[in-house]
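Worksheet for the structure shown next.
The values are calculated or read from the model by the stated rules, or taken from the named source; none is laboratory data. For clarity, every value in this text was computed on a predicted model and none was experimentally measured. Accessible surface is based on the protein model in full, side chains and every heavy atom, while ligands, DNA and RNA are left aside. Shrake-Rupley method; radii C 1.70, N 1.55, O 1.52, S 1.80 Å.
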Amino acid sequence: GRATTDITDAARAATMGAIDTLMVDMDEVVPGTVDETDGRVTFRDAGGADSYDVIDEIACRALLTGARVVSARRPDLPRQAQLAAILRHSGLSAGTLNRQAPPPGPPSARAATGPRLATAAGPCRPAP
């Protein structure tokens, strides 16, 4: 399919620059981290110095790759999910997202050929 409401799939898609439109629940906070290279999500029980809001991180990555991001209330989202992403390509289903990796090299080297990702001190997260 061309859409997902799964946070882990959306994180991978945002990391690969594969999100066209992202709708997020404006009130939801999901503590954890998103891997900078493959978009793998690690959930945490509570926020802390070693985590941040995963949904905000997904939204930031989507914005950095040209996606349209819309804030909404949960009842207005499909399936009342925490987020909903419309993917750019129909071939990027959940199974495909789990198998694909972004191009090698640092984010600056991928700018012309792949997604532009935030680094640990990049625009998505402040420096520690």
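The length gained on full extension between Asp76 and His89, counted as 0.36 nm times the residue separation minus their Cα-Cα distance, comes to 2.3 nm.
For segment 15-92, the square roots of the Cα gyration tensor eigenvalues, ordered a ≥ b ≥ c, give a/c of at least 1.5 with a/b no greater than b/c, which places it in the oblate category. Of Arg79, Arg2, the order by accessible heavy-atom surface (1.4 Å probe, DNA, RNA and ligands excluded), from most exposed downward, is Arg79, Arg2. Computed 3J(HN,Hα) for segment 44-52, one whole-Hz value per residue from the Karplus formula 6.51 cos²θ - 1.76 cosθ + 1.60 where θ = phi - 60°, is 10, 6, 8, x, x, 5, 9, 8, 7, glycine and proline marked x.
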